[in-house]
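Down below is the structure, laid out as structure tokens.
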Amino acid sequence: VYSGREGVPDAINNFYSDLRASLPDTQIFTISPWIWDTTTDRAYTDAVGRVAVLMREASDQIGGTFIDSQSAVQPFTDADLSTLLSDDGFHPNDAGYQRMADDLARSLVASGAPRGPERWKQTSFNSGDWFDPSDAVIYPTG
């Protein structure tokens, strides 16, 4: 039960403890909240940062893997904005969300998440490197 700002740390810790108890042998990944670096969003940057720290600490406590979305998602450059933002000029469009998802997927794979066998192809016989043919990025396994 959510009990306001003061209850957030306990709620996060309880969630992760319950998750680990329910899935004792599962690799658990946490992706931090993500926020645009805009004038509007800066009002929430500190709060989102505090929640991310709590999530990292709770994830670490249960042996999870934490991924900081703020560093995993590459910033959109000025040149990207016309192709990656929706008509409102603020939210990503489908291509923008795909770009963010690709960045997060790369971070997950780099952190040890399993690859989906139906999409991942080996770069060459027994190379040990794999790629996703939809984006042609090579993910070293070593």
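Here the condition is being modelled with pLDDT under 80 and among the acidic types (Asp, Glu); of ASP132, ASP60, ASP88, ASP94, it holds for ASP132 alone. Name the residues in the range 93-118 that are part of a helix (DSSP H, G or I), among the acidic types (Asp, Glu) and more than 13 Å from the chain's Cα centre (by Cα), would you? Scanning the range 93-118 gives a single hit, ASP94. Inside the range 72-87, residues that are over 18 Å from TRP34 (Cα atoms) and surrounded by fewer than 10 Cβ atoms within 10 Å (Cβ to Cβ) make up a count of 4.
The values are calculated or read from the model by the stated rules, or taken from the named source; none is laboratory data. Values in this document were obtained by computation on a predicted structure and should not be read as measured data. Here Cβ is always computed from backbone atoms with ideal geometry, including for glycine, and neighbour counts include all displayed protein chains.
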